[in-house]
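Heads up, the thing below is written out as structure tokens.
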Amino acid sequence: MNMLPNIKIGKSVCPHDCPSACALDVEVLDERTIGRVRGSKENSYTLGVICEKVSRYAERIHHPDRLLHPLKRKGPKGSGEFQPISWDDAMGETAEAFLKAEAEYGAEAVWPYFYAGTMGFVMRDGINRLRHAKGYSRLYDTFCVALSWAGYKAGTGKLSGLDPREMHKSDLIVIWGGNPVNTQVNVMTHVQLARKARGTKVACVDIYETGTMKQADIKMIIRPGTDGALACAVMHVLFRDGHADWDYLEKYTDAPREFEAHLKTRTPEWASAITGATVAEIEAFARAIGETKRSFFRIGYGFTRSRNGAVNMHAVTCIPAVTGAWAHEGGGALHSNSGMYKFNKTMIEGLDVAKPGIRAIDQSRIGPALLNDPYDLRGGPPVKAMIFQNTNPACVAPDQTKVKQGLAREDLFTCVHEQFMTETAKFADIVIPATMFLEHDDLYQGGGHSHILYGRKLVDAPGECRNNHEVICDLARRVGAEHPGFAMSPRELISWTLDHSHRPGLDVFDAENFVDVPQEFDKAHSLDGFGFADQKFRFRPDWQATRYKDGLGPFGPVDEMPKFPDHWGVIEERTEDYPFRLATSPARTFLNSTFNETPSSIKREGRPGVMAHPDDLAALNIAEGDRVRVGSARGSVVLHAKANPGLRRGVLIAEGIWPNDAHEEGNGINTLTGCDQPAPAAGGCFHDNRVWMRPA
């Protein structure tokens, strides 16, 4: 579809929880209305391509069910029964509840809770300025990257890697543990450019035949949680067959001879029994990597959402170190470049007033924390008052039954700042309406590329919607929180952050919309050294010292973690009572619980379902489309069966986080998932669940 003549085109950035942070061209029809949204052709990563759900953003921003006015609960918690209230009264009651909790139990009884509904620095992270100024309980944000980043840094010592545009110079692109067709479409744009430019081959490692795998030349379908075994067998072959680059290994890695000896018994036969892949498939995959120096490992997130996820991530990152791929243009690895920007967010987050010794509560354990589990309270007071921004834990957090029980406490006050009446909002005492990204200014970085981007306000918000910064500053004034950032506008905070991070000023972004800040080749490829004191990649990681966030951890059975890459068998293995392993993988047109309210996304995804191998369905006398009940030790949900031969027997896949109410009985898919803390950094184990399945 071409742009209509005489339509104003506004420049913005996709704010959602995705490494692509796409640069956008938005049709602005009038001061309150947008039309079509397209990817910017001027941005060398976006290249004019965006996902289908964001291209139809008009149906979300102009959705008839958007929250427009403040509300106060009048029915039981969770009932969704509310009555209108003024903004002043809504904020006054919230402040009163916060002050009451602080007076009776101390400041740590207040727990501001947020996540990545927006990735903009001001609107996402500004809640921390209130937290630090008052000494409220900290939030350990573990939903997404705690295990993957810890596992990546365990080997590299830093959170950065290749420029994604180097895929154009690669001869083999290995997409491991992610499905960018569903979750990061720009990766596929650059994959196709590489294929056209130099006939690049594509390998894909995943637990079912995804949309990405359908486009791959080499397809490795394995059982969930067995990536470490596959990686070890690949490296066994690389050493065995002379594909290890010993000059590189001796110069850039810590213990290559010991590592080679460790891998002697990690044969393809050993890995085949664990992963389900055949010996021939493993040998061929390893040979393709070994014979291709310019191998680009594009490493995803999904495979790390497992109790051995950090170990699996580290094992995968070891492969390009064995081959020396890092030394070649188009060779090496990229998981995230988030660590390369090094922004000074002192003014946005109030880091200069953060108080030492304040407890941090794991957001993935919101259920046990709100049910007063002593482990989570850590000797402190119960949580008595909360404000939620940018997240919907009653739907997306693990162990959903406990989350809902905790939110239903009558002695817990919650204020939810939201765009729609989410499951979490239905439990709230006060609900206040929030802006969307085109209705405020913010600053973004690309975790999957190297651009800093400015997202400007393009249209006015409907009704009485207010942005996150306005709400936090209003609440700060009422509870007596002091910090210069509360007196600044979003643009002033953005300008301060750019200036104090030694980046181009806001005037540059006003003119250019985004700035590309790639690392130099030697730094991106770690040829100037990896991120440890000895500058060497670590095959033998120090798990005790590995952190996702400084000062927090280690968590879980860290002393039991393998000394070298291996298959670590701490996952929820199948048993007689629980004969299946379930992963809750992302759908193409939902993003966590965002977009599951838009008509086009609902139409495409259909209804809550579960994929199973046809032979597994036949053994249970279940036909395509039948209602089935799937249960774990934590609860059960009703889904609809989908036959899919593109996965291993004994594996189930439930794509997408549907609204809880879309499921019979109101129990969403995260009823099945657990919130125990994996080593070494904790994190959501959304794809590591042993379950049973039977006809409903």
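Per the helix-only calculation at 222 nm, which mean residue ellipticity applies to the chain, given -39500 (n - 2.57) for every DSSP H run of n ≥ 4 and division by its residues, nearest 500 deg cm²/dmol?
Working: 26 runs with 208 residues, N = 696.
Here the helix-only value at 222 nm equals -8000 deg cm²/dmol.
Considering only Ala271, Ala618, His69, whose Cα is most displaced toward the positive end of the charge dipole of the chain, charges sitting on Cβ of Lys, Arg (+1) and Asp, Glu (-1)?
Ala618
Residues of the stretch 85-116 with backbone nitrogen within less than 15 Å of a virtual label 7 Å along the Cα-to-Cβ line of Lys74, please, listed as ranges.
Backbone N within reach: 85-86.
Through the Karplus equation 6.51 cos²θ - 1.76 cosθ + 1.60, θ set to phi - 60°, convert the phi angles of the stretch 377-389 into ³J(HN,Hα) values in whole Hz; use x for Gly and Pro.
With coefficients 6.51, -1.76 and 1.60, one gets 6, 6, x, x, x, x, 6, 10, 8, 9, 10, 10, 9 Hz.
Can you tell me the length gained on complete extension of the stretch Lys355 to Asp460, counting 0.36 nm per residue apart and subtracting the Cα distance? Kindly include the intermediate steps, with their values, before the conclusion.
Numbers: separation 105, 0.36 × 105 = 37.80 nm, distance 3.73 nm.
This chain segment gains 34.1 nm when fully extended.
State to the nearest 20 debye the size of the charge dipole of the stretch 279-420 about its Cα centre, where the only charges are +1 on K and R beta carbons and -1 on D and E beta carbons.
On the way: 16 positive and 13 negative charges, 35 e Å.
With Lys and Arg at +1 and Asp and Glu at -1, about 160 debye.
Looking at the chain only, what percent of DSSP beta bridges run antiparallel? Nearest 5 please. Intermediate results must be reported in sequence, preceding the final value.
On the way: 40 of 81 bridges.
Here the share of antiparallel DSSP bridges comes out near 50 percent.
Might you list the cysteines of the chain that have no disulfide-compatible partner by the rule of another cysteine's Cβ under 4.7 Å?
Among the cysteines of the chain, those whose Cβ sits 4.7 Å or more from every other are Cys18, Cys51, Cys144, Cys204, Cys232, Cys318, Cys395, Cys415, Cys465, Cys473, Cys675, Cys685.
Amide H neighbours of Phe413 under 5 Å, counting only residues 5+ apart in sequence or on other chains, H built in-plane at 1.01 Å?
Here Ala385, Met386 satisfy the definition.
Can you compute the FRET efficiency between Glu665 and Glu52 using 1/(1 + (r/R0)^6), with r the Cβ-Cβ distance and R0 = 25 Å? Round to the nearest 0.05.
Values: r = 31 Å, r/R0 = 1.23.
My answer for the efficiency is 0.20.
Could you work out how far apart the two model spin labels at Glu104 and Val517 are, taking each label as a point 7 Å from the Cα in the direction of the beta carbon, and quote it in nm?
The two pseudo-label positions are separated by 4.6 nm.
What full-extension length gain, to one decimal in nm, is calculated for Leu371 and Arg629 as 0.36 nm per residue of separation minus the Cα-Cα distance? Don't jump to the answer; show the numbers that get you there.
On the way: separation 258, 0.36 × 258 = 92.88 nm, distance 2.71 nm.
Using 0.36 nm per residue and subtracting the Cα-Cα distance, I get 90.2 nm.
Which loop-located GluC sites (Glu not before Pro) does the stretch 586-661 contain, where loop means any DSSP state but H, G, I, E or B and the Cβ has at most 16 other Cβ atoms within 10 Å?
On the way: sites: Glu597, Glu605, Glu624, Glu655; in loops: Glu597, Glu624, Glu655.
Answer by residue number: Glu624.
5 Å is the cut-off here: which amide hydrogens, built 1.01 Å from N in the peptide plane, fall below it relative to Arg36, excluding neighbours closer than 5 in sequence?
Those lying under 5 Å, H to H, from Arg36 are Glu27.
Where in the stretch 517-557 does the label zone of Glu329 land, with the point 7 angstrom along Cα→C-beta and an amide N cut-off under 20 Å?
517-529
Give, rounded to the nearest 20 debye, the magnitude of the charge dipole that the stretch 92-239 has about its Cα centre when Lys and Arg contribute +1 at Cβ and Asp and Glu contribute -1 at Cβ. All intermediate terms of the calculation are to be shown ahead of the outcome.
On the way: 17 positive and 14 negative charges, 136 e Å.
Magnitude of the dipole: close to 660 debye.
Taking amide H positions as placed 1.01 Å from N in the peptide plane, with prolines and chain starts having none, which residues 5 or more places from Val174, or on another chain, fall under 5 Å of its amide H?
Under 5 Å from the amide H of Val174 lie the amide H atoms of Ala203, Phe296, Phe297, Arg298, each far enough along the sequence or on another chain.
Enumerate by residue number the trypsin sites (Lys or Arg not before Pro) in the stretch 17-102 meeting two conditions: DSSP loop (anything except H, G, I, E, B), and at most 13 other Cβ atoms within 10 Å of the site's Cβ. Numbers along the way, then the final one.
Values: sites: Arg32, Arg36, Arg38, Lys41, Lys53, Arg56, Arg60, Arg66, Lys72, Arg73, Lys74, Lys77, Lys100; in loops: Arg32, Lys41, Arg56, Arg66, Lys74, Lys77.
In loop regions of the stretch 17-102 (DSSP not H, G, I, E or B), the sparsely surrounded trypsin sites (Lys or Arg not before Pro) are Arg32, Lys41, Lys74.
Given points 7 Å out from each Cα along the Cα-Cβ axis, report the Val638 to Glu250 separation in nanometres with one decimal.
6.8
Using the Karplus equation 6.51 cos²θ - 1.76 cosθ + 1.60 (θ = phi - 60°), what ³J(HN,Hα) coupling, rounded to whole Hz, does each residue of the stretch 149-155 give in order, writing x for Gly and Pro?
5, 4, x, 5, 5, 4, x
Per residue of the stretch 466-472, what does 6.51 cos²θ - 1.76 cosθ + 1.60 with θ = phi - 60° give for ³J(HN,Hα)? Whole Hz please, x for Gly and Pro, Karplus curve as stated.
Along the stretch 466-472, the couplings run 10, 7, 4, 4, 4, 5, 5 Hz.
Multiply the residue separation of Asp217 and Val279 by 0.36 nm, subtract the distance between their alpha-carbon atoms, and state the gained length in nm to one decimal.
On the way: separation 62, 0.36 × 62 = 22.32 nm, distance 1.77 nm.
Between Asp217 and Val279, full extension yields 20.6 nm more.
Obtain the nm distance between the two label points defined at Arg198 and Glu573 by a simple spin-label model: each point lies 7 Å from its Cα along the Cα-to-C-beta direction.
Taking the simple label geometry, Arg198 and Glu573 are separated by 4.3 nm.
Quick check: at a probe of 1.4 Å, how many percent of the accessible area of the chain sits on carbon and sulfur atoms?
49
Excluding ligands, DNA and RNA, what is the solvent-accessible area per residue of the chain at a probe of 1.4 Å, expressed in Å²?
35
Quick one: dipole size for the stretch 517-630, taken about the Cα centre, charges +1 on Lys/Arg Cβ and -1 on Asp/Glu Cβ, in debye to the nearest 20. Intermediate values should be presented prior to the final figure.
On the way: 15 positive and 19 negative charges, 82 e Å.
It works out to roughly 400 debye.
Taking the Cα centre of the chain as the origin and placing charges on Cβ (Lys, Arg +1; Asp, Glu -1), which of Val187, Gly242, Leu652 is farthest toward the positive end of the dipole?
Gly242
Would you give the gap between the C-alpha center of the stretch 1-53 and the C-alpha center of the stretch 200-231, rounded to a whole Å?
When both Cα centres are located, 32 Å separates them.
The stretch 371-451: which trypsin sites (Lys or Arg not before Pro) are DSSP loop and have at most 14 other beta-carbon atoms within 10 angstrom? All intermediate terms of the calculation are to be shown ahead of the outcome.
On the way: sites: Arg378, Lys384, Lys402, Lys404, Arg409, Lys426; in loops: Arg378, Lys384, Arg409.
Of the trypsin sites (Lys or Arg not before Pro), the ones in loops of the stretch 371-451 whose Cβ has at most 14 other Cβ atoms within 10 Å are Arg378.
Which pairs, out of Lys8/Lys345; Lys53/Lys201; Lys384/Lys549; Lys134/Lys384, put more than 23 Å between their alpha-carbon atoms?
Values: Lys8/Lys345 33 Å; Lys53/Lys201 28 Å; Lys384/Lys549 26 Å; Lys134/Lys384 15 Å.
From the list (Lys8/Lys345; Lys53/Lys201; Lys384/Lys549; Lys134/Lys384), the Cα-Cα distance tops 23 Å for Lys8/Lys345; Lys53/Lys201; Lys384/Lys549.
The values are calculated or read from the model by the stated rules, or taken from the named source; none is laboratory data. This structure is a prediction, so every number in the text was calculated from the model and none was measured. Backbone-built Cβ (ideal geometry, glycine too); neighbour counts: all protein chains shown. For accessibility, only protein heavy atoms count, side chains too; no ligands or nucleic acids. Shrake-Rupley method; radii C 1.70, N 1.55, O 1.52, S 1.80 Å.
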